[in-house]
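Below: one structure, written as structure tokens.
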Amino acid sequence: MAEGVAGKIFAERLKSPVKVASAGSSAFEGQPASADAIRVASNHGIDITAHQSRLLNLQVVKDADLIVTMGNKHRDTVG
């Protein structure tokens, strides 16, 4: 959901395309968003039906221009 929300906010405020991608520190690769997450996102005009989870790895970090974490534990995992 964070990827979808961030993508919508950036698109609306910057008025230009921005690639937003998420990765989890303990995600199971290739899992779809839950039905509840899809429903909640949809209620806010965000389509995450095609989302598939991916695990954070060194290549994801190297490819990123900016990394935003949800908390200190996640930040420490990236750092």
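Spin-label model, H74 to A27: label points 7 Å out along the Cα-to-beta-carbon direction sit 1.0 nm apart.
When the Cα atoms of region 5-44 are aligned to their principal axes, the ranges along those axes come out at 33, 24, 13 Å in descending order.
Stretching N57 away from K15 to a fully extended chain increases their span by 12.1 nm, per 0.36 nm per residue minus the current alpha-carbon distance. Result for the chain in a Gaussian network model with C-alpha springs under 10 Å: among S16, S53, S26, the largest mean-square fluctuation is at S16. Simple point charges give the picture: +1 on the Cβ of Lys and Arg, -1 on the Cβ of Asp and Glu, and for region 32-79 a dipole about the Cα centre of about 120 debye. Binning the alpha carbon pair distances of the chain at 10 angstrom intervals from zero yields the distribution 17, 47, 34, 3, expressed in whole percent. Given R0 = 22 Å, the distance between the Cβ atoms of A2 and N43 translates into a calculated FRET efficiency of 0.90.
Report relative contact order for region 1-52 in percent, whole number only (criteria: Cα-Cα under 8 Å, sequence separation at least 6). Relative contact order here is 41 percent.
The numbers here are math on the coordinates, done by the rules we state, and not lab data. Quantities reported herein were computed from a predicted structural model and do not represent experimental measurements. Ideal geometry is used to build each Cβ from the backbone, glycine not excepted, and the neighbour counts take in all protein chains shown.
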